[in-house]
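In what follows, a single structure is set out as C-alpha cells and then discussed.
The values are calculated or read from the model by the stated rules, or taken from the named source; none is laboratory data. Just so it is clear, the structure is predicted and the values come from calculations on it, not from any experiment. In this analysis, Cβ positions are derived from the backbone assuming ideal geometry, glycine residues included, and neighbour counts consider all displayed protein chains. The protein model used for the area step is the full one, side chains on, heavy atoms only, and it has no ligands, DNA or RNA in it. Shrake-Rupley method; radii C 1.70, N 1.55, O 1.52, S 1.80 Å.
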Amino acid sequence: MTRVYNFSAGPAAIPDKVLQRVKDDIPEWAGTGMSVMEVSHRSREFVDLATSAEQNLRKLLAISEDYSVLFLQGGATLQFSMVPLNLAGDSQVADYVQTGSWSKKAIAEALKYCRVNVVADSADRNFTYIPNQDGWQKSTDAAYLHYCANETIAGVEFPFIPDVGDTPLISDMSSTILSRPLDVSRFGVIYAGAQKNIGPAGITLVIVRKDLLGRARAITPSLMNYEVYDKSGSMTNTPPVFAWYVAALVFENLLDQGGLGVIAERNRAKAGKLYDAIDGSNFYSNPVEPAVRSWMNVPFVLANSDLDTKFLDEADAAGLANLKGHRSVGGMRASIYNAMPEAGIDALIEFMREFERTNG
Ligand code: PMP
C-alpha cells in the first residue's frame, strides 16, 4: 500500500520527513536503548526534548517571555471548560463570538461556569461569514472575549485579530495554528488541539499570558489549572510523551523549511489554487464569503448531491482520502494543513475536473 493524499480534518496528515524520523527512532531513541514511548518523562533525554520543543515553538511564533507555553491533554474541547474556569468568576460575564460549530460548543460549555454574552453570531447565514466588528455587542466588563480563529467545519477563518482593548483575547486556533506567522502579543490565551498542524492527537497546546495565571476559581481541578501546569513544566502528571515527541519533530521540521513566513506563502498558494478551481466550475461550489475563506479547510458541494458517494468512492480509489464533509453539513471538505503538499492539491483538482467532465 502506498501513502495516499490525506485530506482529513484531524487527525490529519503528518509530514513524511517526520514519519520517517519516527520510524528511524523506533525501537531506540536518543541513546536511551528504548523507544520514546518507554522513557520516563522525567528522564534527562525527555526533559531536553520538552525544553527544545518549547524553544522551537517560541522561535516559530516569536513568543515572548511574557507567555507561558503549556502542553496539556483533553484536546481543544477541554479548553472550552478550562478557559472559563481559569479566567472568569461564576458571576462574571465572558464575551463570545459565534461563527460556527466549534465556537458554539465553546459557548455551550462556558454557560455551565459563567454568564455568556454572544457579541455576534453568523448562524443566520449558516456560518458563511464573519460579522463586522463594528457591530459586535461587547460587554463593558467581560472577563475575556473568545473566538474561534478558524472554524474547521464551515471553513471560515478570521482574516483579522479582533480588537478588544484591554479585555484578554482568547482564541481557539486548533485548525489554523502554525499555518502562518501570528502576533501572539495580541492574545491572553491561544489554544489548539494537536491533530491538525502540530502532530498526533493526545496533546493540546496552550499559550497563556503569565499575568492571567493564578486566577482559577477555587473548585478548578488541579489538572485543569493553567498555573499548576506552568509550575510543573507541563509535567503535573504523566504527559503524552509520544505525541509531545512528534510535535517536537514537527516544530523542528517547520524551522528547517524556513519558518512560518515560508509556510504561509505555500498555504496561501495551495488554498488559492483550490478555491480558483471550485469558483471556476459550474459543478462545484463553496458558499463562504471569499474574504473569510479558510486556508486550511475547504468545504465544497457538488451541483448534484446524488453523486456524492460516487465522488468519494472514486476519489478514494485515486488515492485522495477523507474528502467527506463533516457529518453535520455533508458535501465535501478538503483539509489542506501544512503537511499537504502542493502536489496533493494538484491531484485533487485534476480529479475534480475529470469527475466533472464525466459526470457534469
Ligand atoms: N476546535 C476546533 C476549531 C476544532 O477543529 C476541533 C476538532 N476538530 C476542536 C475544537 C475539538 O478538538 P479536540 O477533538 O482536540 O477536543
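Taking 7 Å along the Cα-to-C-beta vector as the label spot, tell me the ASP306-THR358 distance in nanometres, rounded to one decimal.
1.9 nm
Local charge sum around GLY331 (other residues, Cβ-Cβ under 10 Å, Lys/Arg +1, Asp/Glu -1)?
Taking every other residue near GLY331 into account, the sum is +1.
When DSSP beta bridges are limited to those with both residues in the chain, what percentage is antiparallel, rounded to the nearest 5?
55 percent
Residues with beta-carbon under 12 Å from that of THR167, excluding THR167: net charge, scoring Lys, Arg +1 and Asp, Glu -1?
Result for the neighbourhood of THR167: -2.
Give the carbon-plus-sulfur fraction of the accessible surface of the chain in %, rounded to a whole number; probe 1.4 Å, heavy atoms of protein chains only.
Taking all protein chains in place, the chain shows 50 percent carbon and sulfur surface.
Taking the solvent-accessible surface of protein heavy atoms with a 1.4 Å probe, what is the per residue accessible area of segment 247-360 in Å²?
It amounts to 45 Å² per residue over segment 247-360.
What full-extension length gain, to one decimal in nm, is calculated for ALA30 and GLU265 as 0.36 nm per residue of separation minus the Cα-Cα distance?
That pair, ALA30 and GLU265, stretches by 81.2 nm at full extension.
Residues with amide H under 5 Å of ARG293's amide H, sequence separation 5 or more or different chain, H placed in the peptide plane at 1.01 Å from N; which?
Long-range HN contacts for ARG293: GLU157.
Return a single number: how many Lys pairs in the chain, at a sequence separation of 8 or more or on separate chains, have alpha-carbon atoms below 21 angstrom apart.
Lysine pairs meeting both conditions in the chain amount to 19.
Quick one: how many Å² of SER305 are accessible to a 1.4 Å probe, rounded to 10?
80 Å²
Just how many % of Cα pairs in segment 24-256 lie over 28 Å apart, if you round to the nearest whole percent?
The proportion of pairs with Cα distances above 28 Å equals 30 percent.
Taking R0 as 30 Å, what FRET efficiency do you get between LYS17 and SER64 from their Cβ-Cβ distance, rounded to the nearest 0.05?
Approximately 0.55, to the nearest 0.05.
How long are the three semi-axes of the equivalent ellipsoid for segment 297-360, computed from the Cα gyration tensor as the root of 5 times each eigenvalue, in whole Å, largest first?
18, 15, 10
Just add up the charged neighbours of GLY193: K/R +1, D/E -1, any other residue whose Cβ is under 15 Å from the Cβ of GLY193.
After counting each charged neighbour, the total is -1.
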